[in-house]
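The values are calculated or read from the model by the stated rules, or taken from the named source; none is laboratory data. Please read these numbers as outputs of a predicted model, since none were measured by experiment. No Cβ is skipped: glycine too gets one built from the backbone with ideal geometry, and neighbour counts run over all protein chains shown. SASA here: full protein model, heavy atoms, side chains in, ligands and nucleic acids out. Shrake-Rupley method; radii C 1.70, N 1.55, O 1.52, S 1.80 Å.
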Amino acid sequence: MHDPARQRRSRRRFDDDEPTFAKRDRHRPALPSLDDFDVADGLPAGDRWSTWDQSAASERGPRPRPDWLITDLAATDTELGILKTGKEADVFLLRRGVPGTGRSCLLAAKRYRSAEHRLFHRDSEYLEGRRVRDSRASRAMAGRSAFGREMIAEQWAGAEFSALCQFHLAGVPVPYPVQVLGTEVLLEFIGTADGTAAPRLAECGLRGADLAGLWRQLVQSMATLARLGVAHGDLSAYNLLVHGGQLVLIDTPQVVDVIANPRGAEFLDRDAANVGNWFAAHGLSDYDGEPGPDELAAYLRAEARLR
Ligand SMILES: Nc1ncnc2c1ncn2[C@@H]1O[C@H](COP(=O)(O)OP(=O)(O)OP(=O)(O)O)[C@@H](O)[C@H]1O
Ligand SMILES: [Mg+2]
């Protein structure tokens, strides 16, 4: 109910020169200024609070979530060092743990660069035809303003994350996609508990018959992608990790829709040629019942129902 007298009384409180709480607490010592607060909230240098709750539900990895994953809000992320500096992103090793419990997991944080010196060699080729709903964002991206560069980096991070979710759900061995937040994708760390990353196929030192099992896994992974109607788009012996006898596919931001992209079949053929040539050059001759390097492209085209 409207009561003008009451409204006047309450307005007076806020119109007062001196705020009410100051009157009440006149004898309390002055509060420290904001500058006196530790911006890291008491965390050691290099640590941050877990960013898990900052990603929207759609920006967190698919369920069921792996048992090893720490999702506690009280967790902190400790940066343990850089794993690799790449052309478009840097990959860091993080430990996400709950202080005082001994529970933790290792994560790889792939951070896309938005700085001017980043090489945009993949942008026009792959981003073409991908629709960006926000027209301010698409104009900024076209103009390469600082905001536009940040948006492009976020697009890459988002594209990598959703491709990894799709592949994980289809059963293709990829690092479990933990979450994406802005330009950072957090991934399952592929490596040993002491923080040693798994070697890339190109560096694993295997040759000849020892490669047969990896070839079989590769053909099966690529066939699953083809059936999903996509190609990795940058597949090589540098974007495959070998861990405990398993071939893990990484680096997926440029995944190509082989039907919608006019050059889709070309990307699929190129992926097949890159890995096929590498295996052939490293002495693979027994294909374990799978198509050989020369037959791979045709096999994948058939799986993707391309001519
Ligand atoms: N989940 C992971 N676990 C362990 N190591 C990883 C992981 N993801 C990436 N790496 C390491 O970081 C390197 C770079 O990752 P990725 O290929 O995704 O990034 P990139 O920026 O495209 O690099 P490049 O320019 O070298 O292709 C990989 O070759 C691998 O050694
Ligand atoms: Mg790579």
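Before moving on, here are some points about what is shown:
- Test result for GLY289, more than 16 Å from ligand 1 (Cβ to nearest atom) and either open to solvent by less than 50 Å² (accessible area, probe 1.4 Å) or in a loop (DSSP other than H, G, I, E, B) (or both): yes
- For the range 64-100, residues that are away from ligand 2 (no atom under 16 Å from the Cβ), over 14 Å from the mean Cα position of the chain (by Cα) and open to solvent by less than 70 Å² (accessible area, probe 1.4 Å) total 15.
- Looking at LEU201, LEU241, just one residue is under 26 Å from GLY292 (Cα atoms), without any contact (Cβ under 8 Å) to a residue 60 or more places away in the chain and within 13 Å of ligand 1 (Cβ to nearest atom), and that residue is LEU241.
- Of the criteria (1) more than 15 Å from ligand 2 (Cβ to nearest atom); (2) modelled with pLDDT of 95 or more; (3) buried (at least 16 other Cβ atoms within 10 Å of the Cβ), which one HIS232 fails: (1)
- Candidate set from the range 248-262 (those that are open to solvent by 10 Å² or more (accessible area, probe 1.4 Å) and within 19 Å of PRO177 (Cα to Cα)); member that is farthest from ligand 2 (Cβ to nearest atom): VAL255
- Some residue of the range 277-285 being within 16 Å of ligand 2 (Cβ to nearest atom) and either under 24 Å from HIS168 (Cβ atoms) or part of a helix (DSSP H, G or I) (or both): yes
- For the range 263-276, the set of residues classified as open to solvent by 10 Å² or more (accessible area, probe 1.4 Å), more than 16 Å from ligand 2 (Cβ to nearest atom) and part of a helix (DSSP H, G or I) consists of ALA265, GLU266, ASP269, ALA273, listed by residue number.
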